[in-house]
1. Output the 0 to 90 degree angle, nearest 10, between the alpha-carbon long axis of helix 96-106 and the longest principal axis computed from the alpha carbons of the chain.
2. Round to the nearest 10 and give me the degree value, 0 to 90, for the angle of helix 177-194's Cα axis relative to the longest principal axis of the chain.
3. Consider all pairwise Cα distances in segment 1-98 and report the whole-number % of them above 21 Å.
4. Mind pulling the angle between the C-alpha long axis of helix 147-159 and the longest principal axis of the chain? Nearest 10 degrees, somewhere in 0 to 90.
5. Above 15 angstrom, tally the Cα pairs of segment 90-163 and express them as a % of all pairs, no decimals.
6. Over segment 23-166, what is the relative contact order in whole percent, taking alpha-carbon pairs under 8 Å and six or more residues apart?
7. Test of understanding: what is the full-extension gain from residue 115 to residue 8, defined as 0.36 nm times their sequence separation minus their Cα-Cα distance?
8. Using the reciprocal of the averaged 1/r over all distinct C-alpha pairs, how large is the Kirkwood radius of the chain in Å?
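Throughout, read-outs are computed from the coordinates displayed, never taken from laboratory work. What you are looking at is a predicted structure, and each value in this text was computed from that prediction instead of being measured. For neighbour counting, all protein chains shown are included, and Cβ atoms are generated from backbone atoms with ideal geometry for every residue, glycine included.
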């Protein structure tokens, strides 16, 4: 079976001068991700995790190498992805429902049929909001929602156009621990139901082990993948698993890899 996400010896320098000087943000990244797979990327600050995300969305073109997603080479911004970040970035003048509908107003093929199918799209958005516990909040504005509610709405907005891949850059980092764990379960359930691919960038090792099928550890800049760890914990996972020795051992193993990288800057043997 061919990979849904396929990075082939990808290097990126942010401009020609840096490339000429051999200064790369990420180097020699090769990665194959199966359809419907959930991967997480962890590593020390400044290692290139967010740069990897820009490559995966087509917002940055590699200096060297090839990126193929969904069977097609990435040559520009992808329409088959949804994105959510640490800051929900909901438009303050739009209601929750209107914020979620926004991609359907601007992304083809939905844009051209938005007026004629508006009632259908509204129903779809309401159902998605209900699935994450936001029924009854459709007409609230962002300032009337808690941080966790805003992030739920942000994830719904990222998924409303049924992308094949969801890219998450520290999506729960600004939330309290209890709300963060609630949203882990929300994301777990959405992904299990819809089977979209997920690439999650996070500093939270517990989050990566709870959610992902595979965790990748990046080295310090220039970023490259130095550890690939399959998470063989059974699914569906509930929060009780985070208190088991099997879960804790994986978290400690990953923490050890990152600690070694921070001390030495050297690659960790796989």
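1. 70
2. The angle comes out near 80 degrees.
3. 41
4. Tilt relative to the chain: about 90 degrees.
5. 47
6. Numbers: 138 pairs, mean separation 38.3, N = 144.
This gives 27 percent for segment 23-166.
7. Numbers: separation 107, 0.36 × 107 = 38.52 nm, distance 4.14 nm.
My answer for the length gained is 34.4 nm.
8. For the chain, inverting the mean 1/r across all distinct Cα pairs yields 19.5 Å.
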